[in-house]
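The values are calculated or read from the model by the stated rules, or taken from the named source; none is laboratory data. What you see is a predicted model; the values in this text were computed from it and never measured. Note: ideal-geometry Cβ built from the backbone for every residue, glycine included; neighbour counts use all protein chains shown. For the accessible areas, the whole protein counts, side chains as well, though only heavy atoms, and no ligand, DNA or RNA atoms are used. Shrake-Rupley method; radii C 1.70, N 1.55, O 1.52, S 1.80 Å.
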Amino acid sequence: MTKWPQPLLAAFRSAEHIVALTGAGISAESGIPTFRDAQTGLWAKFRPEELATPEAFARNPGRVWAWYTWRRSLIEQAKPNPAHKALAAMERLAPKFTLLTQNIDGLHQMAGSQQVIELHGNIRRTICAENRHAVEKWEPVPEGEAPRCPICGSPLRPDVVWFGEALPADAPEAAYAASRNADVMLVVGTSAMMQPTAMLPVLAAEHGAYLVEINPQETALTEFMDAVLKGPAGKILPELVRAVWGEEIRDA
Ligand code: NAD
């Protein structure tokens, strides 16, 4: 049972606006590897930075497509865990709640979160490389190739943000606005290495937000936090919801 610092409970109880910023770690307990964990098995010899880039796709679309096919199959088998459910409950319980996620897995929505700002897109959607046509069905192709857009013929790719690409339209502005307006910002399961996302907690703190990190490891942001709850999000977030609002999160 976590022993809660009084200032943390007071910050949550008096907050008009709670903002959560989540990363791959919140889905680790759902069985979806973080980038670091994903460097095992079949894909151990590639670094994500060598696959999740426009250059990698231009060089070898079939290989990048195969990597995402593997990742999509893991994500399609996964279910939201108690951490996702706790954040969905917070959206109901807090006066105002904004969820910003770097995840591409859609598990927040499956857990019941209504308003999710996806900063890095969603792997469940497919688009074409040249014109970003949204595509739901495509002709099968031999292994090692990427399928083609039925409208323009360019290779298909997941609708996610790759290293070096811009964030989806409106997402950064919405994220900055929420961060400037936050009374509490919860930073969960992100190594906070990616800009501009990593600066959001700093922006929130500059505007007076109380910063809380939930992560089993230290991150680049740990030193800026008002409270650090060290451990797995699937355990800590439900305990936090119980401590602040008295609501039980069921894992069913
Ligand atoms: P990251 O892989 O860089 O860092 C993951 C963080 O989660 C680490 O700090 C780790 O200590 C922490 N963590 C691990 N298990 C945890 C747990 N049970 N509870 C709480 N924290 C835990 O992830 P990132 O910062 O999100 O950045 C990587 C990029 O990878 C993002 O752009 C994201 O889109 C993408 N990505 C997404 C998914 C997904 O959608 N599930 C999976 C892998 C990578």
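Data table
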read-out: Radius 12 Å from Cβ of Pro61, net charge of other residues (Lys, Arg +1; Asp, Glu -1); value: +1
read-out: Linear extension gain, Met194 paired with Lys96, 0.36 nm per residue minus alpha-carbon span; value: 32.7 nm
read-out: Lys/Arg +1, Asp/Glu -1 at C-beta; the chain dipole; positive extreme among Ile117, Pro147, Val228; value: Pro147
read-out: Among Thr219, Leu8, Leu156 - extreme Cα towards positive end, dipole of the chain, charges at beta-carbon; value: Leu156
read-out: Zone of Phe46's modelled label, taken as backbone nitrogen in region 63-100 under 13 Å from a point 7 Å along Cα→Cβ; value: 63-72
read-out: Calculated from backbone phi, Karplus (6.51, -1.76, 1.60) coupling profile of region 226-236 in Hz, x at Gly/Pro; value: 7, 9, 10, 9, 8, x, x, 4, x, 9, 6
read-out: Heavy-atom accessible area per residue - the chain, 1.4 Å, Å²; value: 49
read-out: Karplus-derived 3J(HN,Hα), 6.51/-1.76/1.60, for each residue of region 121-127, Hz, glycine and proline x; value: x, 8, 5, 6, 9, 10, 9
read-out: On Cα atoms only, tilt of 171-181 relative to the major axis of the chain in degrees; value: 10
read-out: Loop-resident sites, region 132-166, for chymotrypsin sites (Phe, Trp or Tyr not before Pro), counting at most 15 other Cβ within 10 Å (DSSP); value: Trp138, Phe163
read-out: Summed side-chain charge close to Leu221 - residues other than Leu221 whose Cβ falls under 14 Å, Lys, Arg +1, Asp, Glu -1; value: -4
read-out: Total charge dipole magnitude, region 166-252, about the Cα centre, Cβ charges on Lys, Arg, Asp, Glu only, Debye to nearest 20; value: 140
read-out: Simple Cβ-charge dipole of region 1-142, Lys/Arg +1 and Asp/Glu -1, about Cα centre, in debye nearest 20; value: 240
read-out: Cα-centred dipole magnitude for the chain, charges only on beta-carbon of K, R (+1) and D, E (-1), debye, nearest 20; value: 440
read-out: Portion, in percent, of the accessible area of the chain that falls on carbon or sulfur, probe 1.4 Å; value: 51
read-out: Residues Glu139 and Glu206, FRET efficiency given R0 of 41 Å [Cβ-Cβ distance, rounded to 0.05]; value: 0.20
read-out: Helix 61-77 vs. the chain, principal-axis angle (Cα, 0 to 90°, nearest 10); value: 40
